[in-house]
Each structure stands twice: as structure tokens, then as C-alpha cells.
Amino acid sequence: MPDNNSAIEIRGLTKRFGALTAVDHLTFDVPAGNVVGFLGSNGAGKTTTLRMLLGLVAPSAGQATFRGRLYADLADPLHEVGAVLEAANFHPGRTARAHLDIYALAGDSPRSRVDDVLDQVGLTSAAERRVGGFSMGMRQRLGLATALLHNPEIFILDEPSNGLDPEGVRWLRDLIKGLAADGHTVLVSSHLLAEVAQTVDSVVIVDHGHLVTQSSLAKLTAQAGMVVRIRTPRAAELATALARDGITATVVASDRLEVSGATPEQVGTLAAERAIPLFETTTDAPSLEDVFLHLTTTHQEVSS
Amino acid sequence: MIRLVHVELLKLRTVRSTYGMLAAAALLTTLDAVLIAAQSGSSTRPPLFTAAGLRGPISTIGFALLLSWILGITVSSGEFRNRTATLTYLAAPRRGQVLAAKAIAAGFVGAVFGVVGVLLSTGVGLAFVAGDGYSVALGGTTIADYALGAVVGSALLAALGVAVGSLIRAQLGAVVAILLWGFFVESTLSNLVKGLGSYLPFTAATTLGGAPLATGGFGFPNSSSASPLPFPAVVVLLVGITAAVSALAARTTVTSDVT
């Protein structure tokens with residue numbers, strides 16, 4: 001049963017293209033008001049999943065819904081869901097303004113919104129230019145402008161940073177943070193984990209069409225071998241206490257220990273419960289790429 | 001539905017190809033009509049002071065109709081060529097309605113092609129008649145009937161083009177196929193099988209505009225002795241063909257993945 005707080009529910013979603021299974025019994029939720037990163041390497045099934053969610057590709061099995069309703073059944077889809085799927089979605093002979101005019105009319109939004117979103121994505125000066133001459137970054141911005149046009153509650157962004165320069169990536173990050181602050185739900189896919197780290201509440205990782213994990217970033221890094229370094233005058237006592245909770249801790253000096261398989265919050269809470277003072281807590285976190293590789297490699301080993 | 005039609009009309013208004021095809025239709029229709037009018041009174045064509053002679057340039061609306069048909073094809077197949085189908089179906093997920101809106105919008109613009117074509121062909125014919133000092137051999141009602149037929153035929157072919165373009169998504173292939181069909185296939189079939197031309201869509205549409213059977217509306221020599229269908233029958237025929245192809249296209253469009 002769908003969670004009442006879920007904006008998006010994916011249930012047993014499967015897509016087969018002949019002998020190839022692009023998405024295989026995928027199940028996850030996107031809580032309302034959250035920003036969720038949808039991660040996986042190229043070919044992991046992210047785009048196919050998003051296209052099934054948006055009614056563009058028919059699932060072989062399962063269902064993908066917005067609050068229990070298929071995209072095609074939404075009363076006013078453009079006002080409920082804004083999507084950016086790929087950069088090459090525009091008629092090359094049409095100007096940016098004309099493109100947005102068409103989608104303003106399609107969603108029955110005032111044409112004044114066109115100027116608003118052009119300004120929001122930084123394309124005002126290029127409004128009268130034909131899209132065929134746009135760079136990939138400009139196309140991405142135009143795609144985002146189209147999605148923003150009707151101020152929907154939910155955003156589906158498929159690799160939105162593709163083609164953006166560093167300044168554009170920062171702008172996108174701020175845009176997503178702004179959407180989150182305004183209470184929007186955002187599902188953003190990426191194959192570059194570091195790009196989403198600063199903006200998402202949690203991540204869904206897929207590999208070869210399978211769900212690898214859905215988790216917060218902090219929990220994920222802990223799972224993947226984050227080491228917490230502690231300085232405390234009672235290092236041995238804390239190590240014993242952690243061991244009782246099944247957490248591996250190694251005393252490396254009389255006042256230092258290293259903890260793996262736990263977050264700093266877990267270690268700090270346990271120390272506080274036993275009134276053990278902590279003078280210093282640092283983390284030696286693996287990079288997000290390390291986390292991703294660790295998880296997908298583990299998943300592949302389990303699968304095979 | 002009305003909003004969807006407005007959206008499709010706005011799409012057509014905001015690309016240069018629409019105006020380019022209309023300009024091509026106007027230019028080719030004018031040249032063809034001038035050529036036919038200039039040849040009138042020769043050994044192959046009756047003189048302009050006769051009804052048959054004046055009918056020659058006035059009914060050379062083949063290019064307008066053919067380009068209207070191609071316009072319809074580009075309206076639907078262009079969505080896949082330019083990969084704009086994704087946004088179109090995100091805005092309007094009920095694909096059958098999108099197809100219907102495109103057919104209606106293309107029909108409107110196709111009618112404009114018909115108006116432009118018939119104004120030019122009739123204008124050329126009457127200008128030659130006036131230039132030669134002849135009286136107009138066709139009655140006003142007949143000329144008006146030809147004009148109405150050209151507009152209706154052009155609109156219906158554009159709508160049919162939308163359905164064809166939905167079935168054959170490779171735009172270049174579809175356009176080439178239609179050009180061959182309009183220029184050669186129907187004329188050849190009409191000349192080979194007596195009476196068949198009346199039931200072929202392009203030929204039937206050209207007869208609405210007054211073109212004799214098997215001339216393709218281009219002023220080709222007429223070797224068919226069969227009579228065209230009456231006006232209402234041609235309209236029913238074209239609407240029927242468009243509905244049948246549209247139904248097939250709708251089934252394909254609704255079930256196919258947009259990747």
C-alpha cells in the first residue's frame with residue numbers, strides 16, 4: 001500500500017525490451033517535500049524508470065504513480081509535475097520564447113510566466129534566439145524553465161546537470177535547494193554522485209535495473225566503511241561498550257580509537273549514555289564514488 | 001480539446017517550415033498555372049476562351065494539395081524527428097486527443113494552402129483570359145465550386161497527412177513516399193485502371209478543385225475517360241480514408257513507447 005506521505009510510489013516496476021530487462025521489480029517511495037537522488041551508472045535503468053513514471057514508456061509489470069494516480073490520470077499534469085528528461089526536446093527552428101509560449105498555452109498559464117521563468121533560468125537575453133543554436137547547457141536551462149512554468153508540486157529531473165558548466169551546476173544546486181525550501185518534492189537522477197550530495201535528503205541507488213539501496217547519505221557512507229576517529233581519556237572502556245552493541249572499535253592509542261560501521265551520532269550517543277567524555281570526533285569518509293562502487297560491486301557479487 | 005488545437009496551431013505558426021511550404025506551394029502553383037495557360041490553344045490543350053481551356057490553369061492546384069499533405073505529415077512525424085514528442089505527451093498524456101488536435105490544426109492550415117493555391121491558379125487563368133481579350137467561359141458558380149473544392153480537399157489531405165505521419169515516423173521517407181505517390185503512382189494507376197482514380201485520395205481531392213481525373217492537378221495530359229465522383233462522395237471518401245488511417249495511427253501511437 002502506498003504511504004500517504006509519499007509523493008511518488010514505485011511498485012514492482014519492470015520493463016523488458018525483448019531479452020533485455022532494463023528495470024527489474026523496482027520498488028521505492030519518494031516522500032513528499034523531500035529531495036531524493038536517483039543514482040546509478042549509465043544504463044542502470046534510471047531514465048527508463050522515469051519515463052515509465054511519466055507515462056511515456058509502458059511498464060512490462062508493476063506501477064509508478066503520483067500519490068496513487070498514474071501520470072495519465074492526473075487532472076492537470078503540467079501543474080502537478082514538472083519534468084526535465086533530455087536536452088534534445090526542442091524544435092530547433094523555434095525560439096526559446098515561442099517554445100515556452102506553447103507550453104504556457106498548453107498548461108493555461110499566463111504568458112507573463114514565460115518572462116518569469118526565462119529570468120529564473122538566466123535565458124532572458126537568449127529568449128528570441130532559435131533553440132537550434134543553443135549550447136547543451138542552455139538547452140538544459142530551457143528544459144528547466146519549461147518544468148518551472150506552471151510551478152508544479154513535484155519535479156522529475158533526469159540528469160539535469162548534463163552540459164552545465166561549473167557555474168551552471170552551482171546555479172542548479174541552488175535552484176534545487178530553493179525548490180526544497182519551498183516544500184517541493186524533487187526526484188533528481190544523476191550518475192555523478194558528488195553532484196547531488198549537497199542537495200538531496202536521501203538517495204535511491206539502482207544498478208542493472210535493480211534497487212541497490214534507499215537510504216540517507218550519512219547512513220550510506222557509514223555502511224560503506226566510514227571510519228570515526230575518537231579522542232577520549234577512556235578509549236578502552238568506550239571500545240568495550242561499542243563492541244557490546246556489535247560495533248567494531250580499535251584502540252590505536254591510550255586516548256584514541258577508530259570505529260567502523262557506525263556514524264558519529266551513534267558513537268556520541270553511546271558515549272553520552274555512559275558518561276564517557278569525548279574530546280575530539282573526526283570522520284574519515286570515503287568519497288561518494290567509493291560508496292557507490294562499494295554498493296554496486298557488493299550488489300553484483302550478491303546477484304551473481 | 002480546443003486548447004490542444006490552439007497549441008498545435010501555435011506550434012505551426014512558430015516554425016519557418018510552415019511558411020516555407022506555403023511559399024513553395026504558392027510559387028509552384030503559380031508557375032504551373034502560367035505554364036498551362038501559356039500552352040492553351042496549342043495542339044495539346046484547348047484555348048482559354050473555352051470552358052475546358054480555362055479549367056486547365058484554374059484547376060492546377062496539385063502542388064498546393066501535395067504540400068498541404070506533406071505539411072500534415074510533418075506535423076506528426078516532426079514530433080519524433082525533433083524529439084519533441086516527449087514534451088507534447090507530458091503536456092497532454094492522452095495521445096489520441098493529441099492526434100485529433102493535430103489533424104484539426106493541420107486541416108485549418110491545409111485550408112489556407114488551398115485558399116492560396118486556388119487564388120493564384122484562378123488569378124493566373126483569369127489574367128491570361130483578360131490579357132487575350134477573351135470572355136470568361138466558366139460561370140461564377142463553377143469557379144466558386146472549384147475554389148471550395150480545392151480548400152476542402154487541401155484541408156482533408158492535411159488531416160490525412162497527420163495520420164500517415166503518425167504511422168510512418170521516418171519523416172524523410174514519408175515525404176518522399178507521398179511525393180512519389182502524388183506525382184506518379186496515382187496518375188499511373190488512374191490511367192491503367194479505368195475508374196480507380198476516383199477512389200484514390202490525392203486524385204479524388206484534386207477533382208474537388210476541378211482537375212480532370214488522372215491529371216494529378218498538375219495539368220498532366222488526361223488519358224482517363226472515367227468521370228470523377230460527385231463532390232459529397234469525394235468528401236465522404238476522404239473523411240473515411242482519414243478516419244481509417246487515423247484509427248490505425250491512434251492504436252499505434254497510444255501503445256508505442258516514447259523513448
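The values are calculated or read from the model by the stated rules, or taken from the named source; none is laboratory data. These figures come from a predicted structure and were not determined experimentally. Every residue, glycine as well, gets a Cβ built from its backbone with ideal geometry; the counts of neighbours run over all protein chains shown.
Quick check on my filter: what residues within region B:25-46 are closer than 13 Å to B:Ala137 by Cβ and without any contact (Cβ under 8 Å) to a residue 24 or more places away in the chain?
Once the filter is applied, which keeps residues that are closer than 13 Å to B:Ala137 by Cβ and without any contact (Cβ under 8 Å) to a residue 24 or more places away in the chain, region B:25-46 yields B:Gly41, B:Pro46.
Is it the case that region A:137-147 has a residue that's touching a strand residue (DSSP E or B) at 6+ places or on another chain (Cβ under 9 Å), of a type outside the set (A, V, I, L, M, F, W, C) and part of a loop (DSSP other than H, G, I, E, B)?
No: region A:137-147 contains no residue that is touching a strand residue (DSSP E or B) at 6+ places or on another chain (Cβ under 9 Å), of a type outside the set (A, V, I, L, M, F, W, C) and part of a loop (DSSP other than H, G, I, E, B).
Output the residue which, of all residues in region A:264-304 that are at pLDDT below 75 and in contact with a helix residue (DSSP H, G or I) (Cβ under 7 Å, 6 or more places away or on another chain), is surrounded by the fewest Cβ atoms within 10 Å (Cβ to Cβ).
Filtering region A:264-304 for residues that are at pLDDT below 75 and in contact with a helix residue (DSSP H, G or I) (Cβ under 7 Å, 6 or more places away or on another chain), the one surrounded by the fewest Cβ atoms within 10 Å (Cβ to Cβ) comes out as A:Glu289.
For region A:85-106, name all the residues that are at pLDDT 90 or above and more than 7 Å from chain B (Cβ to nearest Cβ).
Matches in region A:85-106: A:Thr95, A:Ala96, A:Arg97, A:His99, A:Leu100, A:Ala104.
More than 24 Å from B:Ile104 (Cβ to Cβ), in contact with a helix residue (DSSP H, G or I) (Cβ under 9 Å, 6 or more places away or on another chain), away from chain A (no Cβ under 14 Å) and at pLDDT below 80: does that describe B:Pro221?
Considered against the rule, which asks whether it is more than 24 Å from B:Ile104 (Cβ to Cβ), in contact with a helix residue (DSSP H, G or I) (Cβ under 9 Å, 6 or more places away or on another chain), away from chain A (no Cβ under 14 Å) and at pLDDT below 80, B:Pro221 comes out as no.
Kindly indicate which of B:Pro57, B:Pro46 is farther than 30 Å from A:Ala72 by Cα, assigned to a loop (DSSP other than H, G, I, E, B) and away from chain A (no Cβ under 13 Å).
Going through B:Pro57, B:Pro46 in turn, the sole match is B:Pro46.
Out of the residues in region A:33-64 that are in contact with a strand residue (DSSP E or B) (Cβ under 9 Å, 6 or more places away or on another chain) and surrounded by fewer than 18 Cβ atoms within 10 Å (Cβ to Cβ), which is farthest from the other protein chains (Cβ to nearest Cβ)?
Checking each candidate, the answer is A:Gly33.
So which of A:Arg130, A:Arg139 is within 30 Å of A:Glu9 (Cα to Cα) and among the basic types (Lys, Arg)?
A:Arg139
Just to verify a result, which residue in region A:8-32, among those that are surrounded by fewer than 17 Cβ atoms within 10 Å (Cβ to Cβ) and of a type in the set (Gly, Ala, Ser), is farthest from the other protein chains (Cβ to nearest Cβ)?
Among those that are surrounded by fewer than 17 Cβ atoms within 10 Å (Cβ to Cβ) and of a type in the set (Gly, Ala, Ser), it is A:Gly12.
With the requirement that a residue be among the hydroxyl-bearing types (Ser, Thr, Tyr) and assigned to a helix (DSSP H, G or I), what does region B:114-146 give you?
If the condition is that a residue be among the hydroxyl-bearing types (Ser, Thr, Tyr) and assigned to a helix (DSSP H, G or I), then B:Ser121, B:Thr122, B:Thr141, B:Thr142, B:Tyr146 are the ones that fit.
Could you name every one of the helices (runs of 4 or more DSSP H) located completely within region B:161-219 that has at least 2 residues being buried (at least 24 other Cβ atoms within 10 Å of the Cβ)?
Filter on region B:161-219 gives B:186-192, B:201-208.
Could you tell me whether any residue of region A:36-49 is in contact with a Phe, Trp or Tyr (Cβ under 6 Å, 6 or more places away or on another chain), more than 14 Å from A:Thr146 (Cβ to Cβ) and of a type in the set (Gly, Ala, Ser)?
no
In this structure, is B:Gly62 away from chain A (no Cβ under 14 Å), surrounded by 24 or more Cβ atoms within 10 Å (Cβ to Cβ) and in contact with a helix residue (DSSP H, G or I) (Cβ under 9 Å, 6 or more places away or on another chain)?
yes
Mind checking which helices (runs of 4 or more DSSP H) fall wholly inside region A:161-244 and carry at least 1 residues that are surrounded by fewer than 20 Cβ atoms within 10 Å (Cβ to Cβ) and under 15 Å from the mean Cα position of the chain (by Cα)?
Where helices (runs of 4 or more DSSP H) fall fully within region A:161-244 and carry at least 1 residues being surrounded by fewer than 20 Cβ atoms within 10 Å (Cβ to Cβ) and under 15 Å from the mean Cα position of the chain (by Cα), they are A:166-181, A:193-197, A:217-223.
Go through region B:229-248 and give me each residue that's touching a Gly at 6+ places or on another chain (Cβ under 8 Å) and not aromatic (Phe, Trp, Tyr).
Once the filter is applied, which keeps residues that are touching a Gly at 6+ places or on another chain (Cβ under 8 Å) and not aromatic (Phe, Trp, Tyr), region B:229-248 yields B:Val234, B:Leu238.
How many of the residues making up region B:71-111 are closer than 14 Å to B:Arg3 by Cα, small (Gly, Ala, Ser), within 13 Å of chain A (Cβ to nearest Cβ) and assigned to a helix (DSSP H, G or I)?
Total meeting the criteria: 3.
Condition first: crowded, with 17+ Cβ neighbours inside 10 Å, at the interface with chain B (Cβ under 7 Å from one of its Cβ atoms) and of a type in the set (Gly, Ala, Ser). Now tell me which residues in region A:65-84 satisfy that.
The answer is A:Ala83, and nothing else.
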